[in-house]
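**Student:** Below: one structure in C-alpha cells.
Since every read-out is calculated from the coordinates, none of them should be taken as a lab result. Bear in mind the structure is a predicted one, so any value in this text is a computation, not a measurement. Ideal geometry is used to build each Cβ from the backbone, glycine not excepted, and the neighbour counts take in all protein chains shown.
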Amino acid sequence: MLFDRSLRRELARTFGATLVVLLTIVITMLLVRTLSLAASDIVEPKDVVLVLGYTTLGHLATILNISLFVAIVVTLGRMYRESEMAIWFASGLDLARFVRPVLSTFWPVLLVVCLLLVFAWPWVNRNSTELRDRYAQRSDLARVSPGVFQSSADGRRVFFVERDPRDEVSVRNIFALSSKDDTDTVVSARGGRIDVEGDERFLVLESGQRSDVDARNGETTVAGFETYRALVDIKALRRAQEQPPKTIDTLDLIRDQTPRNQGELVWRFGLMAAAVNLSLLAIGLAHVNTRRPSNLNLAVALVGSLAYFNSINLTQNWVANGRYGMTECFVALHGGVLLLALALLWWRDHGAVLHFRRARA
C-alpha cells in the first residue's frame, strides 16, 4: 500500500540520520570520559579504544530507543505541519492506523535492543570491569616506567628504576622514597628482583643502603644492606568478593533472584518494554497544530522520554533496596505508560469529535 511504503521509507531515513547524530555525540562524550580515566591512571592508555568500544556498545540499547522515539516524532510532526496527515485522515485513516507501519518498520530495532540487553550488556560490563581490575591490580613496581619518577597507587611512595623490557622480574639502579607516619625513608640499590609468596609480592633489593629521616627532630639514620625485602603488593591477584549484577548473565539473574538481581532485571526488561511504549507514545505526541507550527511537541516528547528513563532507573533502585517488589514496579511503570500511550492515541482520534459534539449541544 502507498501509505505504508511512503511512511516506512521516511521513518527509516529519519531513524538513520538520528542514530548517526546521537552516536557521534555519545562517542565524543565517552571518548573525553575515557581519556580522563586514562589520565587518572584508572584505565591503561593502550586500552582506551577498547574501553570506548565496550562503553559505546553498553549504551547502544538506550541510544536506539531514543533514536527510534525521535524519528517517529520528527517524521509525523513534519507530516502534520505540511498537512499530509490531514490528507490521510480525510482518506478515512485514523491515527491508530499508523501503529502497524511504525512497528513493522522498527521491529528489527526492537529485536536488536532485546539482544543487546540480554546478551551484550552483561558481557560488555564484565569485560570492562576485568580491564580496569587487571590494570588496578598491578604492583607498584609494574606501575613504574623505566627512567621515570612515578608515585605508587596510594601516593606514599615514589619509585625510580631501570628495567630491561624483556625481563619483568629483575630491575637495577633502584631509588625509592616512602613516607609513613613522621618518617621519610630513602632506599637505593644496584639491583633487585620480585619474589611472590602466596598472595604477597616482595621486591628484594641487593647491595644498597637505607636512610630514615625523622620529620619531628630531623634525626637521620643510615644503614647499608646486602639484601632488603619490601612489600610492594599485598595481593598479586585480587578477586572481587561479589560480582556486580550488571556483569551477570540474564539467565543467572533469573535463577538467583536476590533484591539486587531483581533490580537489574527490572532495568533490563524495562528498557525492552520502553522501546515498545515509546514507539506508541511518540505517535500520539507527534501532533502539531498546523495553524501554529513549532517544535514544542518535540521538546515535550524529549522531556517525557527522559522522565521515563529516569523512572526506570528509580524503580531499579527501589527493587534493589527491597522497598518494592519487582513485578509491581514493572507493571505499575510500564503498564501505566502503555495505558497512557493508548489513551493518547484514542484521544487524538476521538477527542475532536467529542469536543465538537459537546460544543453543538
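**Student:** Along Cα→Cβ, 7 Å out, is where each label goes; now give me the distance between the ones at residue 158 and residue 215 in nm to one decimal.
**Tutor:** The modelled label-to-label distance comes out at 1.3 nm.
**Student:** Between residue 295 and residue 182, with labels modelled 7 Å along Cα→Cβ, what's the label distance in nm to one decimal, could you check?
**Tutor:** Result: 6.6 nm between the two label points.
**Student:** Follow-up. Around residue 324, which amide H atoms from residues at least 5 apart in sequence, or from another chain, sit under 5 Å from its own amide H, with H modelled in the peptide plane?
**Tutor:** Close amide H contacts, sequence-distant or interchain: 319.
**Student:** So if we plug the beta-carbon distance of residue 255 and residue 50 into 1/(1 + (r/R0)^6) with R0 = 30 Å, what FRET efficiency do we get, rounded to 0.05?
**Tutor:** Efficiency computed from Cβ-Cβ geometry: 0.50.
**Student:** Fully extended, how many nm does the chain gain between residue 87 and residue 13 (0.36 nm per residue separation, minus their Cα-Cα distance)?
**Tutor:** Roughly 24.5 nm would be gained on extension.
**Student:** When the Karplus curve 6.51 cos²θ - 1.76 cosθ + 1.60 is applied with θ = phi - 60°, which whole-Hz ³J(HN,Hα) does each residue of segment 221-227 get, with x for Gly and Pro?
**Tutor:** 10, 10, 9, x, 8, 8, 9
**Student:** For the pair residue 243 and residue 57, how long in nm is the line joining their label points, each one 7 Å along Cα→Cβ?
**Tutor:** It is 1.6 nm.
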